[in-house]
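The values are calculated or read from the model by the stated rules, or taken from the named source; none is laboratory data. Nothing here was measured: the structure is a model prediction, and the numbers come from that model. No Cβ is skipped: glycine too gets one built from the backbone with ideal geometry, and neighbour counts run over all protein chains shown. Each accessible area value is taken on the protein alone, full model and side chains, heavy atoms only, with ligands, DNA and RNA left out. Shrake-Rupley method; radii C 1.70, N 1.55, O 1.52, S 1.80 Å.
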Amino acid sequence: MIYIGCHLSVADGYEQMGKTMVGFGGNTFAFFTRNPRGGKTKDVTPEDAEALNTLVKREKFGPLVAHGSYTMNLCSSNPETRRNGFEMLSRDLERMEQIPGNYYNFHPGAHTGQGTEAGIAEIADALNQVLKPNLHTTILLETMAGKGSEIGGRFEELEEIIRRIEVKDRIGVCFDTCHTWDAGYDLARDFDSVLKYFDEVIGLDRLRAVHFNDSKNACGSHKDRHEKIGQGYLGEETLKRIAKHPLLSGLPFILETPNDDAGYIREIHMVQSWFAE
Ligand code: FE
Ligand code: FE
Ligand code: ZN
(Lines give C-alpha, C1' and ligand atoms only; values in the text may rest on other atoms or scores of the structure.)
(Ligands and ions follow the chains in the order given, each with its own letter.)
Protein backbone atom coordinates (compact mmCIF):
# COMPACT_ATOMS: atom_id res chain seq x y z
CA MET A 1 0.00 0.00 0.00
CA ILE A 2 0.98 3.60 -0.33
CA TYR A 3 0.28 6.89 1.39
CA ILE A 4 0.13 9.51 -1.32
CA GLY A 5 -0.37 13.26 -1.23
CA CYS A 6 1.21 16.51 -2.26
CA HIS A 7 2.56 19.74 -0.94
CA LEU A 8 -0.19 22.08 0.36
CA SER A 9 -0.31 25.72 1.40
CA VAL A 10 -0.69 26.39 5.11
CA ALA A 11 -2.34 29.77 4.42
CA ASP A 12 -5.81 28.66 5.59
CA GLY A 13 -4.61 26.77 8.62
CA TYR A 14 -3.87 23.19 9.57
CA GLU A 15 -7.32 21.61 9.52
CA GLN A 16 -7.99 23.07 6.08
CA MET A 17 -4.95 21.26 4.67
CA GLY A 18 -6.40 17.98 5.92
CA LYS A 19 -9.78 18.77 4.37
CA THR A 20 -8.14 19.75 1.09
CA MET A 21 -6.23 16.47 0.95
CA VAL A 22 -9.39 14.47 1.65
CA GLY A 23 -10.91 16.33 -1.30
CA PHE A 24 -7.87 15.49 -3.45
CA GLY A 25 -8.31 11.80 -2.62
CA GLY A 26 -4.90 11.47 -0.93
CA ASN A 27 -3.94 10.34 2.56
CA THR A 28 -0.86 12.32 3.54
CA PHE A 29 0.56 15.74 2.71
CA ALA A 30 3.46 18.10 3.14
CA PHE A 31 3.54 21.79 4.01
CA PHE A 32 6.09 24.45 4.73
CA THR A 33 6.32 25.25 8.41
CA ARG A 34 6.86 28.86 7.33
CA ASN A 35 7.20 30.90 4.16
CA PRO A 36 9.72 28.77 2.21
CA ARG A 37 11.78 31.74 1.01
CA GLY A 38 11.26 34.30 3.73
CA GLY A 39 11.12 33.45 7.40
CA LYS A 40 7.69 34.60 8.59
CA THR A 41 5.45 32.23 10.50
CA LYS A 42 1.83 32.29 11.43
CA ASP A 43 0.92 30.89 14.81
CA VAL A 44 -1.29 27.86 14.80
CA THR A 45 -4.01 27.76 17.43
CA PRO A 46 -4.19 24.64 19.61
CA GLU A 47 -7.78 24.14 18.36
CA ASP A 48 -6.71 24.13 14.73
CA ALA A 49 -3.85 21.72 15.41
CA GLU A 50 -6.17 19.44 17.39
CA ALA A 51 -8.73 19.49 14.57
CA LEU A 52 -6.06 18.32 12.13
CA ASN A 53 -4.90 15.58 14.52
CA THR A 54 -8.49 14.33 14.74
CA LEU A 55 -8.99 14.42 10.97
CA VAL A 56 -5.72 12.59 10.28
CA LYS A 57 -6.70 9.81 12.68
CA ARG A 58 -10.27 9.55 11.39
CA GLU A 59 -9.20 9.46 7.73
CA LYS A 60 -6.34 7.03 8.50
CA PHE A 61 -3.71 9.29 6.94
CA GLY A 62 -0.08 8.27 6.92
CA PRO A 63 2.45 10.46 8.70
CA LEU A 64 2.61 14.07 7.52
CA VAL A 65 5.90 15.43 6.22
CA ALA A 66 6.43 19.07 7.19
CA HIS A 67 9.18 20.85 5.28
CA GLY A 68 11.67 23.29 6.78
CA SER A 69 12.39 26.58 5.03
CA TYR A 70 14.77 26.69 2.06
CA THR A 71 16.53 29.62 3.70
CA MET A 72 17.43 27.54 6.72
CA ASN A 73 21.11 26.72 6.41
CA LEU A 74 22.66 25.18 9.49
CA CYS A 75 26.13 25.07 7.95
CA SER A 76 26.49 28.41 6.18
CA SER A 77 29.91 30.05 6.41
CA ASN A 78 28.00 33.14 7.57
CA PRO A 79 27.46 32.85 11.34
CA GLU A 80 24.39 35.09 11.18
CA THR A 81 22.71 32.78 8.62
CA ARG A 82 23.68 29.81 10.75
CA ARG A 83 22.14 31.39 13.85
CA ASN A 84 18.94 32.24 11.96
CA GLY A 85 18.76 28.69 10.70
CA PHE A 86 19.09 27.33 14.20
CA GLU A 87 16.36 29.69 15.42
CA MET A 88 14.02 28.44 12.66
CA LEU A 89 14.82 24.82 13.42
CA SER A 90 14.12 25.13 17.14
CA ARG A 91 10.92 27.09 16.66
CA ASP A 92 9.67 24.73 13.93
CA LEU A 93 10.23 21.73 16.17
CA GLU A 94 8.43 23.44 19.04
CA ARG A 95 5.48 24.01 16.72
CA MET A 96 5.57 20.43 15.47
CA GLU A 97 4.79 19.31 19.03
CA GLN A 98 1.22 20.49 18.33
CA ILE A 99 0.91 17.67 15.80
CA PRO A 100 2.94 14.89 17.44
CA GLY A 101 4.04 11.76 15.62
CA ASN A 102 4.82 13.31 12.25
CA TYR A 103 7.95 14.08 10.23
CA TYR A 104 9.93 17.26 9.80
CA ASN A 105 12.07 17.17 6.69
CA PHE A 106 14.70 19.70 5.67
CA HIS A 107 17.58 20.24 3.25
CA PRO A 108 20.72 19.49 5.26
CA GLY A 109 22.40 22.68 4.06
CA ALA A 110 25.09 24.18 1.86
CA HIS A 111 28.56 24.64 3.33
CA THR A 112 29.19 27.74 1.17
CA GLY A 113 32.93 27.23 1.05
CA GLN A 114 33.78 25.74 4.45
CA GLY A 115 34.02 22.25 3.04
CA THR A 116 31.80 19.20 3.39
CA GLU A 117 33.38 17.91 6.61
CA ALA A 118 32.93 21.20 8.45
CA GLY A 119 29.37 21.47 7.13
CA ILE A 120 28.46 18.00 8.28
CA ALA A 121 29.84 18.71 11.75
CA GLU A 122 27.81 21.91 12.05
CA ILE A 123 24.56 20.28 10.89
CA ALA A 124 25.00 17.43 13.36
CA ASP A 125 25.89 19.85 16.12
CA ALA A 126 22.73 21.91 15.54
CA LEU A 127 20.57 18.79 15.42
CA ASN A 128 22.07 17.45 18.64
CA GLN A 129 21.03 20.65 20.39
CA VAL A 130 17.36 20.25 19.45
CA LEU A 131 16.96 16.49 19.17
CA LYS A 132 15.87 15.50 22.65
CA PRO A 133 14.45 12.10 23.63
CA ASN A 134 11.12 13.70 24.56
CA LEU A 135 10.61 15.08 21.04
CA HIS A 136 7.48 13.73 19.29
CA THR A 137 8.75 14.45 15.79
CA THR A 138 11.22 12.52 13.68
CA ILE A 139 13.61 14.71 11.69
CA LEU A 140 14.30 13.65 8.12
CA LEU A 141 17.37 14.70 6.14
CA GLU A 142 16.52 15.04 2.46
CA THR A 143 18.61 13.43 -0.26
CA MET A 144 19.86 16.32 -2.40
CA ALA A 145 20.86 16.89 -6.03
CA GLY A 146 24.33 18.04 -4.96
CA LYS A 147 24.19 21.38 -6.66
CA GLY A 148 26.74 23.99 -5.58
CA SER A 149 28.05 23.30 -2.10
CA GLU A 150 24.91 21.42 -1.08
CA ILE A 151 25.41 18.61 1.42
CA GLY A 152 23.42 15.40 1.01
CA GLY A 153 23.99 14.63 -2.67
CA ARG A 154 25.79 11.47 -1.59
CA PHE A 155 24.30 8.90 0.77
CA GLU A 156 27.65 8.85 2.61
CA GLU A 157 27.18 12.49 3.63
CA LEU A 158 23.79 11.79 5.16
CA GLU A 159 25.20 8.77 6.94
CA GLU A 160 27.98 10.91 8.40
CA ILE A 161 25.43 13.31 9.83
CA ILE A 162 23.31 10.48 11.25
CA ARG A 163 26.38 8.81 12.74
CA ARG A 164 27.00 11.93 14.86
CA ILE A 165 23.41 12.19 16.14
CA GLU A 166 22.95 11.23 19.77
CA VAL A 167 19.19 10.54 19.79
CA LYS A 168 19.23 8.04 16.95
CA ASP A 169 15.55 7.04 17.03
CA ARG A 170 14.46 10.55 16.01
CA ILE A 171 16.47 10.84 12.78
CA GLY A 172 15.73 9.47 9.32
CA VAL A 173 15.94 10.22 5.61
CA CYS A 174 13.48 11.53 3.04
CA PHE A 175 14.31 10.13 -0.39
CA ASP A 176 13.64 12.69 -3.15
CA THR A 177 13.48 10.83 -6.48
CA CYS A 178 14.32 13.91 -8.57
CA HIS A 179 17.23 14.93 -6.34
CA THR A 180 18.70 11.44 -6.06
CA TRP A 181 18.54 11.01 -9.84
CA ASP A 182 20.05 14.43 -10.45
CA ALA A 183 22.78 13.55 -7.94
CA GLY A 184 23.82 10.65 -10.17
CA TYR A 185 22.02 7.59 -8.82
CA ASP A 186 20.49 5.85 -11.82
CA LEU A 187 17.00 5.04 -10.56
CA ALA A 188 15.83 4.28 -14.10
CA ARG A 189 18.41 1.67 -15.00
CA ASP A 190 18.43 -0.18 -11.70
CA PHE A 191 16.39 1.08 -8.76
CA ASP A 192 17.05 -2.13 -6.80
CA SER A 193 20.78 -1.44 -6.79
CA VAL A 194 20.24 2.13 -5.60
CA LEU A 195 18.10 0.88 -2.72
CA LYS A 196 20.67 -1.81 -1.95
CA TYR A 197 23.38 0.84 -1.86
CA PHE A 198 21.22 3.05 0.35
CA ASP A 199 20.79 0.09 2.67
CA GLU A 200 24.53 -0.57 2.81
CA VAL A 201 25.47 3.04 3.49
CA ILE A 202 22.58 4.40 5.58
CA GLY A 203 20.26 1.48 6.30
CA LEU A 204 16.78 1.13 4.86
CA ASP A 205 15.25 1.43 8.34
CA ARG A 206 16.16 5.14 8.16
CA LEU A 207 14.13 5.68 4.99
CA ARG A 208 10.85 7.17 6.23
CA ALA A 209 9.39 9.23 3.39
CA VAL A 210 9.66 9.79 -0.34
CA HIS A 211 9.46 13.03 -2.30
CA PHE A 212 7.93 11.71 -5.48
CA ASN A 213 9.00 13.79 -8.47
CA ASP A 214 10.05 13.38 -12.06
CA SER A 215 13.10 15.36 -13.22
CA LYS A 216 13.58 17.89 -16.00
CA ASN A 217 17.19 16.80 -16.36
CA ALA A 218 19.40 13.80 -17.00
CA CYS A 219 20.88 11.59 -14.30
CA GLY A 220 23.89 13.28 -12.70
CA SER A 221 22.97 16.79 -13.85
CA HIS A 222 23.03 18.21 -10.27
CA LYS A 223 20.25 20.59 -11.32
CA ASP A 224 17.20 19.99 -9.05
CA ARG A 225 14.35 20.92 -11.39
CA HIS A 226 11.22 18.87 -10.69
CA GLU A 227 8.94 17.66 -13.48
CA LYS A 228 5.40 16.26 -13.55
CA ILE A 229 5.09 12.49 -13.09
CA GLY A 230 5.83 10.71 -16.36
CA GLN A 231 6.88 13.85 -18.22
CA GLY A 232 10.54 13.93 -17.29
CA TYR A 233 13.71 11.89 -17.57
CA LEU A 234 12.65 9.38 -14.94
CA GLY A 235 9.42 8.56 -16.73
CA GLU A 236 6.26 6.79 -15.69
CA GLU A 237 7.58 3.22 -15.79
CA THR A 238 10.47 3.98 -13.43
CA LEU A 239 8.30 6.00 -11.07
CA LYS A 240 5.69 3.26 -11.02
CA ARG A 241 8.35 0.71 -10.14
CA ILE A 242 9.52 2.95 -7.28
CA ALA A 243 6.01 3.55 -5.92
CA LYS A 244 5.23 -0.16 -5.98
CA HIS A 245 8.58 -1.32 -4.60
CA PRO A 246 7.90 -3.71 -1.72
CA LEU A 247 10.71 -2.21 0.38
CA LEU A 248 8.99 1.20 0.26
CA SER A 249 5.55 -0.11 1.11
CA GLY A 250 3.67 1.96 3.69
CA LEU A 251 5.82 5.09 3.39
CA PRO A 252 4.33 8.54 2.76
CA PHE A 253 4.95 9.65 -0.86
CA ILE A 254 4.78 13.40 -1.39
CA LEU A 255 4.37 14.96 -4.82
CA GLU A 256 6.39 18.16 -5.27
CA THR A 257 5.72 18.38 -8.98
CA PRO A 258 5.03 21.65 -10.82
CA ASN A 259 1.22 21.43 -10.73
CA ASP A 260 -1.96 23.26 -9.89
CA ASP A 261 -4.65 21.55 -7.79
CA ALA A 262 -6.14 19.70 -10.77
CA GLY A 263 -2.69 18.42 -11.71
CA TYR A 264 -2.06 17.11 -8.19
CA ILE A 265 -5.44 15.38 -8.11
CA ARG A 266 -4.60 13.72 -11.43
CA GLU A 267 -1.23 12.52 -10.19
CA ILE A 268 -2.64 11.22 -6.90
CA HIS A 269 -5.20 9.21 -8.86
CA MET A 270 -2.53 8.03 -11.31
CA VAL A 271 -0.39 6.65 -8.52
CA GLN A 272 -3.38 4.99 -6.86
CA SER A 273 -4.39 3.41 -10.18
CA TRP A 274 -0.99 1.67 -10.34
CA PHE A 275 -1.97 -0.24 -7.21
CA ALA A 276 -5.28 -1.32 -8.68
CA GLU A 277 -3.57 -2.99 -11.68
FE1 FE B 1 12.89 19.59 -0.26
FE1 FE C 1 12.06 17.34 -2.17
ZN1 ZN D 1 14.02 19.82 -5.29
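Data table
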read-out	value
Hits in region 175-212 - residues which are within 16 Å of ligand 3 (Cβ to nearest atom), open to solvent by 30 Å² or more (accessible area, probe 1.4 Å) and in contact with a helix residue (DSSP H, G or I) (Cβ under 8 Å, 6 or more places away or on another chain)	Tyr185
Qualifying residue in region 180-196 (condition: in contact with a strand residue (DSSP E or B) (Cβ under 9 Å, 6 or more places away or on another chain), part of a helix (DSSP H, G or I) and of a type in the set (Lys, Arg))	no
Selection count where residues are over 19 Å from the mean Cα position of the chain (by Cα), of a type outside the set (A, V, I, L, M) and open to solvent by 30 Å² or more (accessible area, probe 1.4 Å), scope region 245-277	9
Top-ranked residue in region 124-174 [being within 16 Å of ligand 3 (Cβ to nearest atom) and not in a loop (DSSP other than H, G, I, E, B); ranked as farthest from Thr257 (Cα to Cα)]	Leu158
Search result, residues across region 141-150 that are in contact with a Phe, Trp or Tyr (Cβ under 7 Å, 6 or more places away or on another chain) and crowded, with 24+ Cβ neighbours inside 10 Å	Thr143
Pairs, first farther than 23 Å from Asn134 by Cα in region 99-112, second among the hydroxyl-bearing types (Ser, Thr, Tyr) and surrounded by fewer than 22 Cβ atoms within 10 Å (Cβ to Cβ), C-beta under 6 Å, six or more apart	Ala110/Ser149; His111/Ser149; Thr112/Ser77; Thr112/Ser149
Qualifying positions in region 21-45 - open to solvent by 40 Å² or more (accessible area, probe 1.4 Å) and either polar (S, T, N, Q) or at pLDDT 95 or above (or both)	Val22, Gly23, Asn35, Thr41, Thr45
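Each row is one residue, and each column tells you yes or no for (1) over 18 Å from the mean Cα position of the chain (by Cα); (2) over 20 Å from His7 (Cα atoms); (3) within 15 Å of ligand 1 (Cβ to nearest atom).
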{"site": "Asn84", "(1), (2), (3)": "yes, yes, no"}
{"site": "Glu94", "(1), (2), (3)": "yes, yes, no"}
{"site": "Ile99", "(1), (2), (3)": "no, no, no"}
{"site": "Asn102", "(1), (2), (3)": "no, no, no"}
{"site": "Pro108", "(1), (2), (3)": "no, no, yes"}
{"site": "His111", "(1), (2), (3)": "yes, yes, no"}
{"site": "Glu122", "(1), (2), (3)": "yes, yes, no"}
{"site": "Asp125", "(1), (2), (3)": "yes, yes, no"}
